[in-house]
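J.: Got a structure for you, written out below as structure tokens; questions coming shortly.
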Amino acid sequence: MLAPGKSLVVLATAVAALAVAATGPVEATGPLPAVTPRAETAALHDDEAGGDADADDPAIWRNPADPDRSLVVATAKQGGLRVYDLDAREVQSIPAPAGPGADDAPGRFNNVDLVHSARLGDLAVTTDRGNDRLRIYRIDRNRAGGPLADVTDRTVPAVFSASQDEINEQRTAYGLATFTDPATGRSFALVSRRERTRLALLELTSRADGSVGYRKVRTLDLPHSFRLPDGTSWSPCGEPGELPQVEGMVVDPANGMLYAGQEDVGIWRLKADLTGTPKLIDKVREYGVPGTYDEATEECAAGADPGFGGKRLTADVEGLTLVREDDGDGLLLASSQGDDTFAAYDREVSDANEYEGGFRVAAASATLDGSEECDGAAALNEPLGRRYPNGLLVVQDGHDAPGDGDRPSTNFKFVDLGKVTDAVDD
């Protein structure tokens, strides 16, 4: 690895040439197959009465001693963290910390991932977007006060910001993926920056008092401008000053590859240590479409489509997760938020992460709806007791129905992973 703090910048002109070469098999015709959830969590409401809670990103912790008592840890943004059992019942609620001052941004938990480490134990790590830090919790299913206990080193620095004024601008820690290097046993977190293209590699470190901190190893900037096949330059339309950010990320521990979803661009594959050259393995349909930002509506008006986009993802690209198999096979799943679908790609780099199929999470009944505008997703291809012997997929639902009047309602859906793999195989 390079020396701590060393920054790598990937120039847009160098990487964009690779982007236009991303190809895949022809998209299958006809509607995508549907899978239905078995359970859902209680709705969260992003208003004052609901504690400004907004479901976003889940992670699945398997209890090796008793898989039936496994857990789902999920972010609720300003509402903090929620912990659920496999019946989707809440077993713990952890508030996000306040800002350091009354006029400072409050804590806001954006993404969460897990660490399984001989050195550090089992941890839940979350990005605190409000305070530009990681928050770290030790997992103990038998702990009397709840399975998660905060072990964050109180001296941890901001991930990206140089001052509290910068933190208050909220170009802060956003997306998250964790991994443990099998060769060294060292654990890392990859963090993206809101409204920027920067990724940071942080090493998680233990302290003598049992707390866990982190140190920055290096950073990398993905491109924000792209050279199109017709020779023109294109950048995704957005609010002035905003760059196309990354949120959904996942690391494949078998080969040390990071998959990162740049929301308005597509899915990148790159080394998890942030060295080498990233490759764009698929693009959103809107790739290359010009747009003009309207200050009055705060929306982008799209121009004519030049036809340079992909065929399977509709912006935004959101939650990324892996379905791992022991032989190295498996799937990379991606939330295609713009059309309420999920795309599945071959996990193996040797097969060029080719597209394998897609699916929707549809309503199981009048009271158990599917998933719309999905943000985060997490899959675990291991038996989870009697409820999910074939593994579990948890997806965020951006519009829980039937909901509660005009209140914003979000939650998480629990899906039998066996149904998902069968749908993709078919």
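The values are calculated or read from the model by the stated rules, or taken from the named source; none is laboratory data. These numbers come from a predicted model, not from an experiment. Positions of Cβ are backbone-derived with ideal geometry, glycine not excepted, and every protein chain shown enters the neighbour counts. Heads up: the accessible areas ignore ligands, DNA and RNA and are worked out on the full protein's heavy atoms, side chains in. Shrake-Rupley method; radii C 1.70, N 1.55, O 1.52, S 1.80 Å.
J.: Let me spell out the model: positive unit charges on the Cβ of Lys and Arg, negative unit charges on the Cβ of Asp and Glu, origin at the Cα centre of the chain. What dipole size does that give, in debye rounded to 20?
T.: That gives a dipole near 1780 debye.
J.: Right, something else. Say the cut-off is 26 Å between C-alpha atoms; which of Lys279/Lys419; Lys216/Lys279; Lys77/Lys279; Lys279/Lys413 go over it? Could you put the intermediate results ahead of the total?
T.: Details: Lys279/Lys419 31 Å; Lys216/Lys279 24 Å; Lys77/Lys279 31 Å; Lys279/Lys413 32 Å.
Distance filter (> 26 Å) returns Lys279/Lys419; Lys77/Lys279; Lys279/Lys413.
J.: Once you put a point 7 Å from the Cα of Thr155 and another 7 Å from the Cα of Asp351, both along the Cβ direction, what distance in nm separates them?
T.: So the label points at Thr155 and Asp351 sit 4.9 nm apart.
J.: Counting only protein heavy atoms, what percent of the accessible surface of the chain is carbon or sulfur at a 1.4 Å probe?
T.: On the chain, the fraction of accessible area on carbon and sulfur atoms equals 47 percent.
J.: Tell me the label-point distance for the pair Thr297, Ser206, using the 7 Å Cα-to-Cβ offset, in nm and rounded to one decimal.
T.: Those two pseudo-labels are separated by 5.6 nm.
J.: Would you give the gap between the C-alpha center of the stretch 351-409 and the C-alpha center of the stretch 93-145, rounded to a whole Å?
T.: Using only Cα atoms to place each centre, the spacing works out to 24 Å.
J.: Shape of the stretch 45-166 from its Cα gyration tensor (a ≥ b ≥ c, root eigenvalues): rounded if a/c is under 1.5, otherwise prolate when a/b > b/c, or oblate?
T.: Values: a/c = 2.38, a/b = 1.43, b/c = 1.66.
The shape class here is oblate.
J.: Can you tally the net charge around Pro64? Count Lys and Arg as +1, Asp and Glu as -1, for every other residue whose Cβ sits under 14 Å from the Cβ of Pro64.
T.: Working: positive: Arg62, Arg69, Arg141; negative: Asp66, Asp68, Asp122, Asp140, Glu382.
After counting each charged neighbour, the total is -2.
J.: Asp66: accessible area at probe 1.4 Å, nearest 10 Å²?
T.: Per-residue accessible area (Asp66): approximately 60 Å².
J.: In square angstrom, rounded to the nearest 10, how much accessible surface does His224 have for a 1.4 Å probe?
T.: 80
J.: Could you sort Asp426, Asp87 by their accessible area in this structure, using a 1.4 Å probe and putting the largest first?
T.: Values: Asp426 160, Asp87 65 Å².
I get Asp426, Asp87, largest accessible area first.
J.: Let me ask something else about it. Test of understanding: what is the full-extension gain from Asp68 to Ala98, defined as 0.36 nm times their sequence separation minus their Cα-Cα distance? Don't jump to the answer; show the numbers that get you there.
T.: Values: separation 30, 0.36 × 30 = 10.80 nm, distance 3.45 nm.
Full-extension gain reported as 7.4 nm.
J.: Right, another one. Ser225 to Asp165: FRET efficiency via 1/(1 + (r/R0)^6), r the Cβ-Cβ distance, R0 22 Å, to the nearest 0.05? Don't skip to the answer; put the middle values down first.
T.: Numbers: r = 28 Å, r/R0 = 1.27.
For R0 = 22 Å, the calculated efficiency reads 0.20.
J.: Given the -39500 (n - 2.57) contribution per DSSP H run of 4+ residues, what per-residue ellipticity at 222 nm results for the chain, rounded to the nearest 500 deg cm²/dmol?
T.: Details: 3 runs with 22 residues, N = 426.
Here the helix-only value at 222 nm equals -1500 deg cm²/dmol.
J.: Please sort 168-179, 247-258 by packing, taking for each peptide the average over its residues of neighbouring beta carbons within 10 angstrom, highest first.
T.: Working: 168-179: 22.7, 247-258: 20.8.
The packing order, highest mean first, is 168-179, 247-258.
J.: Which one, Asp140, Asp397, Asp294, has the greatest fluctuation when you compute a Gaussian network model over the chain with C-alpha springs under 10 angstrom?
T.: Largest GNM mean-square fluctuation: Asp294.
J.: So for the chain, averaging the separation of alpha carbon pairs under 8 Å that are six or more residues apart and normalising by length, what relative contact order in percent results?
T.: Numbers: 1196 pairs, mean separation 72.5, N = 426.
Value for the chain: 17 percent.
J.: Starting from the Cα of Lys283, draw a straight line to each of the lysines and keep only those under 16 Å, dropping any in the same chain fewer than 8 residues away.
T.: Leaving aside lysines fewer than 8 places away in the same chain, those within reach of Lys283 are Lys311.
J.: Per residue, how much accessible surface does the chain expose to a 1.4 Å probe? Answer in Å², no decimals.
T.: Details: 17260 Å² over 426 residues.
That works out to 41 Å² per residue.
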